[in-house]
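The structure under discussion appears below in the form of structure tokens.
The values are calculated or read from the model by the stated rules, or taken from the named source; none is laboratory data. Note that the structure is a prediction, hence the values are computed from the model and not measured. Methodologically, a virtual Cβ is constructed for each residue, glycine included, from the backbone with ideal geometry; neighbour enumeration extends over all protein chains shown.
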């Protein structure tokens, strides 16, 4: 049998209105003893206020929406959302994942229909989106200023290039991922490789775009006039495709073609040879976003501070 608010009210000896106000966060005018009794009885009876009722009572639901951008992420993203789901559930919030569309009206309909308390985006909100969320009283959480977002990706490219240069390579390239999704990160990473080359007095890096298939990887590697090139790759998938192309061409890895990926995916450790890559502490970044939601909604968090250095090179056999 589903527990109703009147069941909680009858057991606690209060009105349904009192139950509604206390469980919807508007119980400040009631005594601590009354609030504690209602909350305890609701928990004991397994009562869950309906999303629709909460939205009518408070103007918002207990939903937090995470917008999944139309870009290519590595395979550990599910782990991050599992953690975020648990963190928010501990505070009575429900995480809802949604793929955004190009239509601003779609976001407007979502906000009007679901009344979320917060919306998290892994890319920056544009001015219209931010104004829409603020107008509807929805907490907007994104990576922050564009400069900060670009700085992280520029640092990734710089770290890749510095490692290749330290290994003695003087002819560098950057390999972009070419697929149907957006690429909000690649240009900043290529700029980071270029920065490191210039700082070392080397020519600007070559650049290629690679689809994850054999023909594209072979053509990209041929266009770089290998052997004698070290390639910083957009991610581990691109690096693995180029590693396979180098193997098909009979090149020695890393003597003829050196490769460094990005993401430190599980598969990067089992290629032949194992792939050098950049590890990014995405859990720390995701934890930071969740903390911003929790704090922005006036809730408490005991999570530790984000890692001070979220990037590190994982040196393996391809460099």
If we ask which residues in segment 134-183 are in a helix (DSSP H, G or I) and either modelled with pLDDT of 95 or more or farther than 24 Å from residue 299 by Cα (or both), their number turns out to be 21
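Taking the residues in segment 30-50 that are surrounded by fewer than 15 Cβ atoms within 10 Å (Cβ to Cβ) and closer than 28 Å to residue 134 by Cα as candidates, determine which candidate is modelled with the highest pLDDT. Break it down stepwise before answering.
Within segment 30-50, the first condition is being surrounded by fewer than 15 Cβ atoms within 10 Å (Cβ to Cβ), and the residues that meet it are 31-33, 36, 40, 43-46, 48, 50.
Pick out the ones that are also closer than 28 Å to residue 134 by Cα and you get 48, 50.
Working: 48: 68, 50: 58.
Checking each candidate, the answer is 48.
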When segment 123-137 is checked residue by residue, the ones that are touching a residue at least 40 places away in the same chain (Cβ under 8 Å) and crowded, with 19+ Cβ neighbours inside 10 Å are none
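Does at least one position in segment 187-194 carry a residue that is over 25 Å from residue 241 (Cα atoms), modelled with pLDDT of 95 or more and either surrounded by 16 or more Cβ atoms within 10 Å (Cβ to Cβ) or not assigned by TED's automatic domain parsing to the domain that holds residue 294 (or both)? Before the answer, list the steps.
Residues of segment 187-194 over 25 Å from residue 241 (Cα atoms): none.
No.
I'd like the full set of residues that are touching a residue at least 12 places away in the same chain (Cβ under 8 Å) and surrounded by fewer than 18 Cβ atoms within 10 Å (Cβ to Cβ), limited to segment 196-206.
Within segment 196-206, the subset touching a residue at least 12 places away in the same chain (Cβ under 8 Å) is 196-197, 200, 202-203, 205-206.
Result: 200, 202, 203, 206.
I'd like to know if segment 10-29 contains one or more residues that are crowded, with 16+ Cβ neighbours inside 10 Å, modelled with pLDDT under 70 and farther than 25 Å from residue 186 by Cβ. Please lay out each step first, then the result.
Taking segment 10-29 as the starting set, the residues that turn out to be crowded, with 16+ Cβ neighbours inside 10 Å are 11-12, 14, 18-24, 27.
Filter once more, so that each one left must be modelled with pLDDT under 70: 24.
In the following step, the residues that additionally are farther than 25 Å from residue 186 by Cβ were identified as 24.
Yes, segment 10-29 contains at least one residue that is crowded, with 16+ Cβ neighbours inside 10 Å, modelled with pLDDT under 70 and farther than 25 Å from residue 186 by Cβ.
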For this session: Inspect all residues belonging to segment 232-239 and state whether any of them is part of a helix (DSSP H, G or I), under 30 Å from residue 310 (Cα atoms), touching a residue at least 24 places away in the same chain (Cβ under 8 Å) and in contact with a helix residue (DSSP H, G or I) (Cβ under 7 Å, 6 or more places away or on another chain).
Result: yes
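I'd like to verify a number: residues in segment 116-133 that are assigned to a loop (DSSP other than H, G, I, E, B) and either modelled with pLDDT under 85 or under 17 Å from the mean Cα position of the chain (by Cα) (or both), how many?
Of segment 116-133, the ones assigned to a loop (DSSP other than H, G, I, E, B) are 116-117, 122-126.
Narrowing further to those that are either modelled with pLDDT under 85 or under 17 Å from the mean Cα position of the chain (by Cα) (or both): 122-126.
The number of residues fulfilling the criteria is 5.
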